[in-house]
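Enquirer: Structure provided below as structure tokens; questions to follow.
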Amino acid sequence: MNQLLSLIITLGVGLFFLIGFLMMKWTKKKENWALFSIGLAFPIMLGMILLDIIPEIQELTRSLENYKKIITILGFTGLGLLLLKGLDLFVPHHHHDHHDHEKNKIEHNEHLFHIGLITSISLIIHNMMEGISIYTTSLRDIKTGIWMALAVSLHNIPLGIEIAVGLESSNTKKKIKYLTITMLTLSSFLGAFCLFLLNNAINETILSAFLCITLGMLIYITLFELLREIWMNRTKRAIYWGLGIGIMINILMVIL
């Protein structure tokens, strides 16, 4: 019974991505929302890296000798960076300047789609690991698992908005859009379900390796994609609204 409830909790976490996606889909002034969501995602990504993933990696690698810990963290984090850089070369990607010409508008939309897609791929991997963490926590203490799931869910709403902005910017890739949002919605549950099928057989070494790969991916997105977009749109007010609210959400996460 406790296993079933723990699986349901992880499924609920993923549904908050869908909430963010639907919020974006049904709102007007999409350009302002796009800028707002980019500003919002930047501090939330940083918060996820500094307050969630890095402490979790430190916890999982605590039993390793110092040199093995350094090699593991740097090696797999670097692998995550290289994997996303490699993916970067194959996903449609357009560098652009922000003018009013139709051609530049199309290129800008393709760039947003690119950010949304590579962010989604890295978050799917991250959420599977996070689903495993929530599932195992819930098995030990269901109340703690619920609070952990709630904290993660609050992150997922603005991330869902940011991803929706990117994926909705292209009108020609509907199958990719819906497959991506489906995988994001189910990713936490899939991670937990895999552990359920394996009878909790995944060890800490494997988990730490996957989390380091995810860390490298999220560092790449935060520094080389989101930060660049913020700089290019630094004169737009919506960016600063997003940054401010993202910082407030991080503060809330620390309090919780």
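Just so it is clear, none of the values below were taken in a lab; they were calculated from the coordinates. Predicted model only: the values in this text are computed from it and were never measured. No Cβ is skipped: glycine too gets one built from the backbone with ideal geometry, and neighbour counts run over all protein chains shown.
Enquirer: Please list 55-61, 159-165, 124-130 highest first by mean number of surrounding beta-carbon atoms within 10 Å per residue.
Expert: Values: 55-61: 17.3, 159-165: 26.7, 124-130: 23.9.
Packing order, densest peptide first, comes out as 159-165, 124-130, 55-61.
Enquirer: Also, I was wondering about something else. How high is the FRET efficiency from I206 to R228, r the C-beta distance, R0 35 Å, rounded to 0.05? Mind dumping the intermediate values first?
Expert: Numbers: r = 33 Å, r/R0 = 0.94.
Taking R0 as 35 Å, the efficiency between I206 and R228 is 0.60.
Enquirer: Length gain on complete extension for the stretch I255 to Y178, per 0.36 nm per residue less the alpha carbon to alpha carbon distance?
Expert: The span from I255 to Y178 would gain 24.3 nm if fully extended.
Enquirer: Then there's this: Could you give me D for the range 1-74, from Stokes-Einstein at 4 °C and 1.567 mPa s, where the hydrodynamic radius is the Kirkwood radius over C-alpha pairs? Units µm² s⁻¹, please. Mind showing how you got there, number by number?
Expert: On the way: Rh = 15.9 Å.
The Stokes-Einstein estimate is 82 µm²/s.
Enquirer: Set the Förster distance to 25 Å, then compute FRET efficiency between Q58 and T136 from the Cβ-Cβ distance, nearest 0.05. Numbers along the way, then the final one.
Expert: Values: r = 17 Å, r/R0 = 0.68.
In this case the efficiency is close to 0.90.
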